Structures are given as C-alpha cells and as structure tokens.
Amino acid sequence: MLKLIFRRLLQMLLIMAVVSFILFLVFDSDKFKKQIATAELGGFAVSTLSEEDYQKWLAKKGLDVPFHERYVKWVLDVLRGDFGQSFEKNTSVASLIGERLINTGILAFWVFALMIPLSLTLGVLAGMKEGSFQDRTLSFIAVFTTSIPEIATAIILTVILALGLGWLPTKSAMISGWDWKQLVLPVLTLVVYDFGYVARMTRASMAEVMTSQYIRTAVLKGIPYRRVIMKHALRNALIAPFTIIVLQLNWLLSGVVVVEVFFEYNGFGKLLLEAALFGDVYVIQAATLIAVFVAVLSQIISDVGYTFLNPRIRFS
Amino acid sequence: MSEQVPVLECRNLSVSYFVRAGEIPAVVDFTMKLMPGEAQGIVGESGCGKSTVALAIMNYMGRNGAIVGGQILFEGRDMRTMSDEELRQIRGSKIAMVYQEPMASLNPSMKIGDQLAEVPLFHEGVSEDEAKRRAREMLSNVRLPDPGRIMESYPHQISGGQQQRVVIAMALLSNPKLLLLDEPTTALDVTVEAGIVELIKEISSEFGTSMIYISHNLGLILETCDRITVMYSGEAVEVGDIHTVFNNMRHPYTRGLFNSIPVPGADKNARPLVAIRGQLPLPHERPKGCYFGPRCDYFEAGRCDAGHLPMEEVAPGSNHFVRCVRFAEIDWEALKPKPKEQEPIEPGDVVLRVENLTKHYEVEHTGLLFVSEKRTVKANEKISFRAREAETVAIVGESGCGKSTFAKVLMGLEEASAGRVQLGNLELSKLPVEARDGATISRLQMVFQNPFDTLNPSHTVGAQIARVIKKFGIEKDPERIRERVYELLDTVKLPRDFADRKPRQLSGGQKQRVGIARAFAGDPKMVIADEPVSALDVSVQAAVTGLLMDIQRENRTTLLFISHDLSVVRYLSDRIVVMYLGQIMEKGLTEEIFSPPYHPYTEALLSAVPIADTRVEKRKVVLTGELPSPTDPPKGCPFSTRCPYVIEGLCETTPPPVRSFSDSHTIACHLEEARLTAMEPVIKIDDDPAQAAE
C-alpha cells in the first residue's frame, strides 16, 4: 500500500516536471512574449515600442534570461515555495492562487455535500428494484439532467430563479464581500449537472449487487428486507461509485470553468482562463502543478478508499 | 407415529418464467412428499427444473418467475398463501438452503461471524453475544478448525471447502426442519466433496433434518438420500425409494441416464457407454405427450404423443411412481443395453517422452515499501512418463495439482524450467508455440474444458474449422477446404448445415464437438483433452467421450486426457498418472491404479468418488485438512499434511522414494512395500464376480 502511494507520488513529480517544462518551452517563444507585452502595455504601445525599449521591458520582467536558466530558477524557487509574480495582476502567484483555491474549495464542498447524498440515495432507490417504475423514473431524470450542458443549466436556472422569481442574484462576483446567496446558483448548476452521472453509476452497481447470489442468501436467511439492503447490498454497491465520486474532485477543480466564468465567480477555473488568455506564465505553471497534484491525490484517495471498502483486495 | 404430517408436500406444482417471448414453463405438475427425517434426492440434467423447484419452495422466484399452479405445503400450510412476513420468518429458520457456489453465496465484504450471527439474531431475537457464541459453536459442529479465526475472516480468506461448511453452518444455525441442498459440492474437489457429503450425512442423522438434495450426480444421491425424484424437462418422470429406482428403474429416461454414466463395470471396449440420442428439448419446443418421446427407444406413436401423461404407481403400495404409458409392457430385463463390443486398440511406438519436466513460476510478493520477496510456485516437479501411439493416458488430480500447467508446457504456452519433453524426435520443452512450425502445431492439438468460451461467437462454425485447415496448410483450394469441413463435421457426428451456424445456436455438447473437430482438423498425432466433458451433462458426456474414442480408433491418435473425474478416467484411459501438488504420486495401467497397492492419495481419491451403483461397496477414507499452498509445499512428501498414514518425522522432511511394483506401476511413498501391497481394495462390487475381477 505504502509502496503504491510512494509510486504514485513519484509519478506525480515526473508529470509535474514534464508538463511544466513543456509549458515553459511554449511560453518562451517570441510570439508569446510579445503577447504578454501587448496584454500589459496595449497593442498600440507595443507597436511603437523600439527594439531597445522592448528589450528593457523584457529585462524588467526577467524574460530576457535564456530559457534553461529561467526554468532552473523557477524550479528552485518553487522548491522554496515561491511561485513567482503574476504578470497580469502584479501580486504573488501563491497568494492569488490560494485565494482562488479557497473559493473553489467552498464551491466544491457544497456541491459534494448536496450531490453525494442525493445521487447515492436516488441511485440506490433506482437500483434496488431494477426495471420498476421508480427505477425508470429516476433513471430518466438522471439521464435528462446530465445531458443538458452546464451552460444551458446555468442559463435556465438564472432565468427562473434570478430573473424570473428574483430570489437570487444573477452573478456571483461577490464584489461587496462574501455573500452566501451568490453561491447558490453555481452550486445548484453543478449539482444538477453532476448528480445524474453518479446516480446512474450507483444504480448500475446496486442493480448488479441485487442480482448477486449473496443477496439471495441474505434474503433466504430470513432477515428483514431493510437489513438486506442496508447491511448487505449497500456497502458492496457503494464500492464502485466511491471511486467515481472521488474522481469528481478533479473535475470540480478545473472542469468548472464554464460555470465560474458564467457567474463571474472568482474561483480557480476562472483564474486559469484569465491567465491563459493573458499568457500569465507563472500563474499557469502554478495552477498546472496544483491541478496535477489534485488529480494524483484524488487517484490515491480513490485507490486507498477502494482497498479499504473492498476486503477482497485489502487482504490479498 | 404412523399419521405423520409431511414436512413438505408439493402438489401439482407448476412454475413458469415470463420473458419477452411469453410464458416459459420451467416446472410442470411436480408432486413430492417429504416425511420428517427423510432425505429426498432430485436428479436431472441442466435445464430440467431441479433448481427451480428449490427456489419455488423458498418462494424466491426472481422478478420474472412465478408459481402458476399447484400447492406447496410446509407442515400442512400452503406457502403460497403466506404473507411476506410469514415467509421471512420461515426462511432461514425452518427452511434453510445450501447453495452451489459457496464463494458467491457469502457476502464478500462482511465478516463470516457477522453473517452467521444474523440468523439467531433475527429469528430468535437473542443478544449479539449469544448469537456470536452460537455461531462459533456451529462452526465447530461443522468440523471447522479454529472457529475463532474463521469468525473474524472474510469469505475470500478461507478455502472453498471451508466456505461451504460455513454456508452449511449458517443453514443449520436455526435448527431447520427442512434443508435444501442445491448442488452443494459441484464446485468442490472430490476429496473435499467427500468431507462435505460425510458432514451432511452426519447432520441428517444427528439433527433429524429432512433434506432435499439436488444434484446431477447419481452417485452422490445414492450416498445421501432415501428417496429419489428423476426430473426431465421440467417434469418428474420417476419417483421412488433409492434402491428401487437404482435397481429396478421403470422409466426409459432413467435407464438412459444410468447407461450413460461410467460405473466400475463399464469398459470402453467390452461395455461401452450408451448415450441418449438427441438433446433436451427447449421449454417452448417440448413435444405433445411424453417430453422424452423423441429420444425414447420405446416411443409408440399415438400413445406416447397422445396427451399429457400422468404419474402412475408401478405396483399398488410400492410407492414407486413413473410417468410412462408403456412401463408395464417394456421387458426391462431383456432390454439391458446391448452396446457394440469393440476390439481393444493395440498401442504402437512411444510418441511422447516426458523426462523430469519441471515448471516453476516466480511470484513476486510485494510487502511494505520496497521489500519484495520472491516466491517460487512449483507447478510441476520432475514429471516423467511416456505415451504411446493410439494410447489414452490420463492425468488425474484435483485443482492446483499442476495438470493444466503441464498441458500448457506441452502446447508451448509456457516454457519448462527444466527437463525434457519429446514428441517424436522433437524437443518441445523450450519451444514456445510462436517458434513452432505449422506441422508441429497441427500434430499436437488441444480440446478445451469450456466449449462455451473457446469458440469465437461472431464467426460461423464452418469458418472456424476452415481457418484451422488453412492455417495448417492442409488444403488451399476453397472448394477442398469446404469439403474437408464437411468431412470433419461428419466425423464428429454433426449435421453438415451446422457449418453455417454461429456458436450461440449450438448446445454445449455440440459446441464441444466443434472443438473436437477443430482439434482434429490437422490430423494430429496427439490430442490433449483438458477436462473435455466436465462442463457437460452426463448423457452428453457419454456421447462426447464415445466420439473421442471413435476418432482415436480411426486415426490412431494418442490422447492425453486431463481430468479430475476418476469414473470417466477409469472408463476410457489405458494408463493413469496421479498428480498432487505438481508431483506424480502414482502411475500405472488403469487396473493397477484401481486395485491395491495404492498410493494413500490415490486411495483417498478412489474412496471419494461417488459411484451410482448399488452393488458397489466402498471403503471410507476421508481426508482432513486443506490442500497446501503451491507457494509453500511441504518439504518432504507433498501429501504428508493430509495423509492418514503419515510417518512422523520422515514424510514431512524427506521426499518419498519411488517404488516400482511392475514395469508400468510406480508409487512415490515412504510406506514399506509390504504395507502398500497389503492394502484392501477401496471399491468392492458385491454380486457380480465377473466384473469384480476387472
């Protein structure tokens, strides 16, 4: 087990090194440097800039140093915990990303807090009696909500809840401080989009467990049906969805760009988009490292959790 | 006690499954009466509805099954009128069930102790501690060593035999009135099976539990039951006391069944098995009248196909019933089977030489962090034997004995670690199959165990056979290939239009015939048959073994027959190699293996095999203990951990010497020659000296 985790972490470092190197290489081209200058100084200013002044600007930003030196310096800085400065926002990357991560973390927490109980309950209810009316209704709802793209869900919910009923604000930028009301729409959009997927996985897993021979044994042992479900079916049925739920963590970190941008929510995904458009190398680099870290971490959690839930693997 | 209420009575029970195509009757007009303390056997081939009967009694029919007629009376009350709650209270407490696959029947993520404790917890409302105490006590009642450890284990941590004992313990925990056993030993090895059967017999005498024992194995039913019901295609066709039915069967199907199983008297040359022709009709294709009619030798148009047949008592008061309109007029004595006798085949020169063949696997066992220890699995250890042309050599052993590994080495799927394998003049031990030329491959072919998985489902039967012919370069011209495919189908006795069928349209026996046709397409010198009939029903088994024998006779093929089934092996092989944990324990001519001196393991194996013949008397040798892990075999004799004759201090430490008893017969054992020679025969046949002399 420890060996597995260790191997995963090694893999993670390797992925980080490779990805950051490639990104650095891409952003080192003249074209990208120009783009940063354009973004910062404006297109007109750059076109009138003399070659000498441009070089000066590069020197000021530390972009004139040869590529490998910059990369080594950056790696060493990262190891010391310094992620550099954002070109666009002129703050330290670490504090910028930290702030955004907390925002996305709050979002993800509420999405999970609502989505997991909802999708597991519905999945189990549907899978308990495969083919029943209850199953078909729930399965239809699950397919329906998952099939609508996030952006459409976001628009529909905004139109109904914010513009129509006026219960909630349309945007979630939280300009005048933290406001829980502004969190509702992004969370709701993500839950509606995501719960169907997890519910369907849970349903499939539950339905399979219900046809297994050990459930037959449990029923024919004469124990109450409630206990058959709660004690015998549930645990085995939840092994497969657990893995999927943990992997949603990864999706919530960087896959929610659409929702964050739509609601102007200052989260990690939105930051990523802004940085990419601006060519903000150090922000992108740091964000990438974090994304890789979370991806590997969720893999490890799902592996460890899977072993924990499944004694057949735990003891072999 | 003359007016006892039957524990269970099924009256004209009918069960159907409802599928998209409509109603499929699985059990029709089934009647049975089970008295207290009685053990009833239900036998029949797959699809005859015997498991459906058990599940109907439990009232657990799944979503698409339903009882459509008749009554099931449990202690006089109709179970069909009971509420769900009443049923729940009976299930597991008054009626308990033991299942075919113990591993699948236990919850993989719950400790065994908790699974057992549920029974008294929910049926008797005892405290958790009391429930655990009873569970532990019951585990020791089913002769499980170290119940405390097993209580804390998960199902996958114990062996298959132990799992089945746990399931039996679970069934007995509430002291049920009725125990349903659905093929309880089919998934287990024979020596383990013998232990379970012994346990079941002890239970029935100790607790007085009534039992319904469902099996396809007539021998097992004979060992365990008082009465027997023979089922065919959803109907009971013959019911009676076990000895009456075994000795004086009155239904042609029962007769056919008995003629197709290899009992000790059968012999491939003098008394070959007689298979039942045709095949089981599908439920929606059952004929009018007698369902067995189209396969019956005594079929009489106008009477047998007139309408639904009732059960009739053979003689008033005999308690022997049969569903046949002609049973009274058939001369059962005169019509003993008349198989065609055949000349024994003369074996030719030695074709296969195996010398000191050894196959070890390195298994990496990963511990914490980087500590990984390498373990060696000794799958085959110094195996030596020879096989001659046109001879059948059987390799016998239980699971894990290394017989399949040996086949893999021979086929070139694995390389030998040491030793030599010579086919003719060709050394095969280090020659993987990719390095073999077409001619070598076609000379050495294999028939696989599971005909259901070995045919490609998306190609026609003809195309699959044709591909082999093309690959081996036997024929090039498409016309000739087609011709050769037809010839092969003729050889395996399949209609020629089967060439255009897909595997899913074939029955198990037919698929295995295709497998055989494919193996024989390249006119092989030698065919390895790895458990070729163990997945098939008995009546089909006889036909397939018969077919193999016929083709062998014609082509003078050497047959290497790998099996765990000593009855089949005895019937068709000339010589036998007995393996245990990768080593040869005993080898010799068939009659040498089946008569003393025995290796203690052979003795236990012979004793374990159930024989469906009332004249046979067996000496009981029941092994205790579990098969050791192949990664950690005993240092000395591999069998020493379970051997009833073990010599303390010698057998565990020193490998046994190989003792020769004739040119062909050797035994690897520490026991003195005199002691081995003095062993009593395991199988005795009572009243027929001519056959006992075999």
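The values are calculated or read from the model by the stated rules, or taken from the named source; none is laboratory data. Since the model is a prediction, treat every value here as computed from it, not as a measurement. Glycine also receives a Cβ, built like all others from the backbone with ideal geometry; neighbour counts cover every protein chain displayed.
Summary of computed values
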| read-out | value |
| --- | --- |
| Candidate set: the range A:190-223, residues that are polar (S, T, N, Q) and facing another protein chain (nearest Cβ under 10 Å); chosen: the one nearest to B:ALA104 (Cα to Cα) | A:GLN213 |
| Entirely in the range B:598-694, the helices (runs of 4 or more DSSP H) that have 1 or more residues that are more than 31 Å from the chain's Cα centre (by Cα) and within 19 Å of B:GLY582 (Cα to Cα) | none |
| Output for the range B:513-544, where each listed residue is modelled with pLDDT under 85 and in a helix (DSSP H, G or I) | B:VAL538, B:SER539, B:VAL540, B:GLN541, B:ALA542, B:ALA543, B:VAL544 |
| The range B:622-640 residues that are of a type in the set (Ser, Thr, Tyr), paired with ones that are outside any loop (DSSP other than H, G, I, E, B) (beta carbon under 6 Å, 6 or more apart) | B:THR631/B:ARG375; B:THR631/B:VAL377 |
| Hits in the range B:455-482 (condition: in a loop (DSSP other than H, G, I, E, B), under 21 Å from B:ILE441 (Cβ atoms) and in contact (Cβ under 8 Å) with a residue 12 or more places away in the chain) | B:LEU455, B:ASN456, B:HIS459, B:PHE472, B:GLY473, B:ILE474 |
| Residue within the range A:166-183 that is in contact with a Pro (Cβ under 8 Å, 6 or more places away or on another chain) and either modelled with pLDDT of 85 or more or of a type in the set (A, V, I, L, M) (or both) present | no |
| Qualifying position, being without any contact (Cβ under 8 Å) to a residue 60 or more places away in the chain and within 14 Å of chain B (Cβ to nearest Cβ), among A:PHE6, A:PHE21, A:PHE44 | A:PHE6 |
| Verdict on B:GLN552 being closer than 15 Å to B:ALA275 by Cα and either at pLDDT 90 or above or polar (S, T, N, Q) (or both) | no |
| Filter result (outside the structural domain of A:ILE244 (by TED's automatic domain parsing) and hydroxyl-bearing (Ser, Thr, Tyr)) within the range A:263-305 | A:TYR282, A:THR288, A:SER298, A:SER302 |
| Failed criterion for A:GLU260 (all others in (1) assigned by TED's automatic domain parsing to the domain that holds A:LYS181; (2) farther than 25 Å from A:GLN35 by Cβ; (3) in contact (Cβ under 8 Å) with a residue 40 or more places away in the chain hold) | (2) |
| Options B:PRO337, B:PRO344, B:PRO294, B:PRO283; residue that is surrounded by 15 or more Cβ atoms within 10 Å (Cβ to Cβ) and at pLDDT below 85 | B:PRO283 |
| Qualifying helices (runs of 4 or more DSSP H) (wholly inside the range A:224-307; at least 3 residues being more than 14 Å from chain B (Cβ to nearest Cβ), closer than 25 Å to A:ALA199 by Cβ and out of contact with any Pro (no Cβ under 9 Å at 6 or more places or on another chain)) | A:234-254 |
| Residue tally, condition surrounded by 15 or more Cβ atoms within 10 Å (Cβ to Cβ) and more than 14 Å from chain B (Cβ to nearest Cβ), over the range A:131-140 | 2 |
| B:THR81, sole failed condition from (1) under 17 Å from B:LEU178 (Cα atoms); (2) surrounded by fewer than 16 Cβ atoms within 10 Å (Cβ to Cβ) | (1) |
| Of all residues in the range B:87-100 being touching a residue at least 40 places away in the same chain (Cβ under 8 Å) and more than 7 Å from chain A (Cβ to nearest Cβ), the one that is farthest from the chain's Cα centre (by Cα) | B:LYS94 |
| Residues of the range A:256-314 that turn out to be in contact with a Lys or Arg (Cβ under 8 Å, 6 or more places away or on another chain) and surrounded by fewer than 22 Cβ atoms within 10 Å (Cβ to Cβ), as a count | 11 |
| Filter result for A:LEU120 (within 23 Å of the chain's Cα centre (by Cα) and either buried (at least 17 other Cβ atoms within 10 Å of the Cβ) or assigned to a helix (DSSP H, G or I) (or both)) | yes |
| Candidates B:ILE551, B:ILE576, B:ILE593 - the one that is in contact with a Ser or Thr (Cβ under 8 Å, 6 or more places away or on another chain) and assigned to a strand (DSSP E or B) | B:ILE576 |
| Selection within the range A:31-77 - polar (S, T, N, Q) and assigned to a helix (DSSP H, G or I) | A:GLN35, A:THR38, A:SER47, A:THR48, A:GLN55 |
| Top-ranked residue in the range A:91-117 [being of a type in the set (A, V, I, L, M) and over 21 Å from A:PRO186 (Cβ atoms); ranked as surrounded by the fewest Cβ atoms within 10 Å (Cβ to Cβ)] | A:ALA94 |
| Residue that is among the small types (Gly, Ala, Ser) and touching a strand residue (DSSP E or B) at 6+ places or on another chain (Cβ under 8 Å), where the choices are B:GLY92, B:GLY65 | B:GLY65 |
| Residue check, A:ALA126 under 27 Å from A:GLY267 (Cβ atoms), modelled with pLDDT of 85 or more and assigned by TED's automatic domain parsing to the domain that holds A:GLY196 | no |
| Some residue of the range B:42-61 being farther than 25 Å from B:VAL230 by Cβ, surrounded by fewer than 18 Cβ atoms within 10 Å (Cβ to Cβ), within 14 Å of chain A (Cβ to nearest Cβ) and free of Cβ contacts under 8 Å to residues at least 40 places away in the same chain | no |
